[in-house]
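Presented below is the structure to which this report refers.
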């Protein structure tokens, strides 16, 4: 996991300024720029955990374009409430198989265990951002911390959660702290 963290810092975080210029130029909602950047980083990190891309910078910007396209698509989705009666539309709803139900319960249990292991402030940030779906600015205001600190806690939390799911809990906390130290972003949990 340490190699992945070092690769991420060296090959992805090195392009942060260019990424932010690109987002400012292409995304109309200025208040969502930091959230987009964090989500791009999460997507890139998770994908790189499976296989490192041959061209990291190109991969970063392709992931950014895909994320923006996903968000635009989601914005165009018609609400379920406006659709109305599913029976009249002849929509079939599949029953969940016992295997899928059990598998989902196991994944949920692993997620709960990983979430409980996060440091307190990190856990609170992840909860407010990812579960509560609050904007970064609002999380910072509620917790009385800077937006940069929110970003740091969110990135650290996502790293620790991903590490738990990939079975590499031992190196995740030291790697997260080492990455923070290299960027001069050390804040208290």
Where does each of 14-27, 58-71 land if you order them by average Cβ count within 10 Å, highest first? 58-71, 14-27
Mean shadow area of the range 1-77, taken as a quarter of the surface of its Cα convex hull (nm²): 5.2
Just order 41-49, 149-157 by mean Cβ neighbour count inside 10 Å, highest at the front, would you? 149-157, 41-49
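No value in this document is a laboratory result; all are computed from the given coordinates. Computed from a predicted structure; not experimentally measured. When we count neighbours, we look across all protein chains shown, and the Cβ atoms used for this are built from the backbone with ideal geometry, even at glycine.
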